[in-house]
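Here's the structure, in structure tokens; my notes come after.
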Amino acid sequence: MLEIRNLHKRFGAVEAVRDVSITVPDGAFLVLLGPSGCGKTTLLRMLAGLELPSAGQIVFDGQTVSDGDRNWSVDPAHRNSGLVFQSYALWPHMSVRGNVEWPLKVMKMPRAERAARVDEVLRMLDIHPLAGRFPNEISGGQQQRVAIARTIAPRPGVLLFDEPLSNLDAKLRVEMRTELMRLHRRTGATTVYVTHDQIEAMTMATHVAVMNDGRVQQFGTPEDLVQQPQTAFVATFVGTPPNNMIPVQKNGVGYKVGGRHMPVQPPADDCLAMYRAEAVAVGRDETPHSLPMELVERSSIAGRVMLTGMAGPLRLTAITDTAPDARIGETVQFVLPARPDSWFGTDGERIG
């Protein structure tokens, strides 16, 4: 349904999107995940037709809709796609019904069919009782539902969302995530969703493209990203809590892990060792595989204890069933497994 081929976007000397290639199956829920400034919104705007690629192609359902190599693009109105903005962008002088009906009027849909479709989507999003109200008379969450209803009313084949939940409070975000997933199942539309929140990504997506510095670091299912991260960036950006990444350096006849000699056998003299938080223990007693650290955070999570320690710039997190009787600010030992879960090169690429 959606194919992106060698896509680039430059703004003067700045390359915001660099050589992105992704193929997404029909009906997928793709999340573009990454920190602010990584290029994910620029990529979404190219999919919507609001930006022309500098190079590469975008294909919807076998039809090329943007070709940067030929400096050509299909008008946004003719792409069979719908975009939900972060700011909702509702017409303030139109009622809820008027906002949802507007794109159907533009399509010149017959009046009776139009009215039936508006009623259908208002009920689908549970906002039918608000049909006669104006945007300033309803809550932020209700405005978001209206914006989504307006977008899906024309039955687009591709739905595009630009961080649509970022203006909502935490409880409403969780509720709207559920609603969006339900909506995706009902419409069957291929969906592309931009967010910097990896919990949203892992909860909602069938496929995730993790972006950084304009590039896709890894593309796959949420399970792929968690179980087999291909770069150090993905390993430390995805997951709750993120994985621990510790520098390993050759020192004489042995190796230092996090600045302390340990009996390890890394695949290179200088590399990075990844340890999952649930594999790290915390205690009072020093061991050959422990690092002394200041305890800086302690919290409960799903019936277990999450502990965070710091030693200089190094920050480690452990999730354990039992924790030492230590106060914040005291020194404890973060005990690493004999072997890390994965190795990464100093360039950030996975080894092995």
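The numbers here are math on the coordinates, done by the rules we state, and not lab data. Not measured: the values here are computed from a predicted model. For neighbour counting, all protein chains shown are included, and Cβ atoms are generated from backbone atoms with ideal geometry for every residue, glycine included.
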Quick check: from the Cα gyration tensor, does the stretch 67-208 come out rounded (a/c under 1.5), prolate or oblate? oblate
Using unit Cβ charges (K, R positive; D, E negative) and no other charged atoms, how large, in debye to the nearest 20, is the dipole of the chain about its Cα centre? 960
By count of other Cβ within 10 Å, fewest leading, how are Arg327, Arg150, Arg45, Arg182 ordered? Arg327, Arg182, Arg45, Arg150
Once label points are set 7 Å from the Cα along Cα→Cβ at both Glu175 and Ala55, what is their separation, rounded to one decimal in nm? 4.8
Under the helix-only model (-39500 (n - 2.57) for each DSSP H run of 4 or more, divided by the residues of the chain), the mean residue ellipticity at 222 nm, to 500 deg cm²/dmol, is -7000 deg cm²/dmol
Are there trypsin sites (Lys or Arg not before Pro) in the stretch 269-305 that DSSP marks as loop and that have at most 15 other Cβ atoms within 10 Å, and which are they? Arg284
Once phi for every residue in the stretch 271-279 is put through the Karplus expression 6.51 cos²θ - 1.76 cosθ + 1.60 (θ = phi - 60°), the whole-Hz ³J(HN,Hα) values, with Gly and Pro written as x, are 7, 10, 9, 9, 10, 5, 4, 6, 8
Taking 0.36 nm per intervening residue step and subtracting the Cα-Cα distance, what contour gain separates Asn6 from Thr64 on full extension? 19.5 nm
By count of other Cβ within 10 Å, fewest leading, how are Ser36, Ser66 ordered? Ser36, Ser66
Helix 140-152 sits off the longest principal axis of the Cα atoms of the chain, rounded to the nearest 10 on a 0 to 90 degree scale, by 60
Would you mind working out the magnitude of the charge dipole of the stretch 244-351 relative to its Cα centre, with +1 at each Lys and Arg C-beta and -1 at each Asp and Glu C-beta, to the nearest 20 Debye? 20
Roughly how tilted is helix 170-187, in degrees to the nearest 10 and between 0 and 90, from the longest Cα axis of the chain? 60
Mind telling me which of Gly252, Gly157, Gly34 comes out most flexible in a GNM of the chain, alpha-carbon contacts under 10 Å? Gly252
In Hz, Karplus ³J(HN,Hα) per residue of the stretch 13-29 (6.51, -1.76, 1.60; θ = phi - 60°; x = Gly, Pro): 7, 8, 9, 6, 10, 10, 6, 8, 10, 9, 10, 10, x, 4, x, 6, 10
Kindly express, to the nearest 10 degrees and within the range 0 to 90, the angle between helix 96-106's C-alpha long axis and the longest C-alpha principal axis of the chain. 70
Listed residues Gln333, Gln142, Gln265; largest mean-square fluctuation, Gaussian network over the chain with Cα springs below 10 Å, found at Gln265
